[in-house]
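Here the structure is laid out as structure tokens; the discussion comes afterwards.
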Amino acid sequence: MADEIREAKLNVIGNLDSYVKMTMESIESTGGKAYLAKTVADAQEILKKIVGTGKKIVMAKSNVAHEIDTINTLESSGNSVSETDLGAYLIQLSRDESSHIVFPSLHMTREEIGRMLHKELGLQISETSTTEEIVAAVRQLLRKKYMEADIGISGANAISADTGSVVLVENEGNIRIDTVLPPVHIIITGIDKIVPTLNDAMKEAMVQSAYAGLYPPTYLNVTSGPSSTADIELRRVSPATGPKEVHVILLDNGRMEASLDESMKEALLCIKCGRCYFSCPVYRVLGKDWGKQPYGGPTGAMWTAIVNRDYATAEYCTHSGGCREVCPMKINIPKVLEYIKWENIHTH
Ligand code: SF4
């Protein structure tokens with residue numbers, strides 16, 4: 001499956017312009033609203049217009065949402081935003097930075113988390129609490145937030161050009177609730193997440209889950225526009241019980257330019273499984289201090305160059321090559337980083 005996804009993504013990267021157009025048309029044909037944001041500032045403006053002010057928002061973990069600084073953008077325009085992925089929620093509460101693309105709170109110990117939850121929220125949790133007790137306490141808090149939310153925000157593991165469907169894979173159940181319970185669902189994702197078909201999107205989610213070490217996934221979610229029903233006289237009407245509105249913001253922010261660069265385009269194949277982090281000696285020493293959030297670790301050194309135009313982060317790479325060996329997309333990460341280093345020396 002990973003080999004098939006590599007081929008499918010290479011095809012998209014080679015024709016990104018037309019795939020973006022096709023994806024946007026497909027989203028609109030499902031009753032969703034599609035937006036293309038060239039820059040972070042564009043994405044923030046679109047997001048602020050959709051959300052307005054005074055809203056309660058729940059957010060599923062999304063790297064692209066962090067790339068556009070969603071929480072600060074929406075809170076500064078009078079809204080409240082709560083992460084709902086456990087790791088991302090712990091990072092938000094502790095005002096810390098994520099240390100891994102799949103497991104953001106990897107650097108925090110159970111004892112630290114117990115102390116922090118007691119200090120920040122006054123929960124009956126302490127440094128001696130078990131993991132089960134911590135998870136149960138947070139579960140109660142989050143379930144209350146879902147019931148009050150006006151808007152749910154998520155990212156996407158993959159989005160299909162043929163149907164405009166967004167596929168998300170998860171285990172906690174927070175994505176499923178975030179994307180179905182509130183009346184409005186906003187998806188913030190990169191144009192690199194486009195694959196040709198819904199079948200490809202499902203496969204990509206399965207591969208991501210397997211290489212993240214969480215196979216089989218507990219939930220696989222598909223969103224193709226707002227909720228609908230055809231139960232009365234076979235006429236499909238919208239909305240039904242789920243969201244009334246679905247908005248999809250597709251972010252470029254350097255991705256289109258990277259797709260036209262023979263060396264950099266390989267980075268766009270990344271499905272953000274996070275496997276390469278564990279094979280990297282530099283990440284094992286530096287952790288979240290390597291790279292700019294949300295993109296750290298070996299893949300983050302490539303992605304920081306694409307989205308932040310930060311070419312110096314790649315200088316830390318020692319070219320051990322372990323990342324390349326484990327990558328499901330067979331990305332030659334050390335070679336891409338060598339190219340970024342060359343760029344850093346010669347052009348910056
Ligand atoms: S570079 Fe490869 S191993 Fe690393 S996160 Fe991306 S797909 Fe996974």
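The values are calculated or read from the model by the stated rules, or taken from the named source; none is laboratory data. Bear in mind that the values here come from a model prediction, so they are computed numbers and not experimental data. Neighbour counts are summed over all protein chains in view; Cβ atoms, including those assigned to glycine, are modelled from backbone coordinates with ideal geometry. We work out accessible area using only protein heavy atoms, side chains counted, and drop any ligands, DNA or RNA first. Shrake-Rupley method; radii C 1.70, N 1.55, O 1.52, S 1.80 Å.
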What are the residues in the range 253-303 that are under 18 Å from residue 105 (Cβ atoms), in contact with a strand residue (DSSP E or B) (Cβ under 6 Å, 6 or more places away or on another chain) and buried (at least 24 other Cβ atoms within 10 Å of the Cβ), if any?
300
Report whether or not residue 157 is of a type in the set (S, T, N, Q) and farther than 29 Å from residue 15 by Cβ.
no
Would the range 152-162 turn up any residue that is within 20 Å of the chain's Cα centre (by Cα) and open to solvent by 40 Å² or more (accessible area, probe 1.4 Å)?
no
Count of the range 309-344 residues which are open to solvent by 20 Å² or more (accessible area, probe 1.4 Å) and among the β-branched types (Val, Ile, Thr)
2
Scanning the range 113-153 for residues that are outside any helix (DSSP H, G or I) and in contact (Cβ under 8 Å) with a residue 40 or more places away in the chain gives 149, 150, 151, 152, 153
Can you tell me which residues in the range 267-282 are within 16 Å of residue 9 (Cα to Cα) and more than 9 Å from the ligand (Cβ to nearest atom)?
268
Given 179, 223, 241, 189, which one is in contact (Cβ under 8 Å) with a residue 12 or more places away in the chain, on the phi < 0 side of the Ramachandran plot and open to solvent by 40 Å² or more (accessible area, probe 1.4 Å)?
241
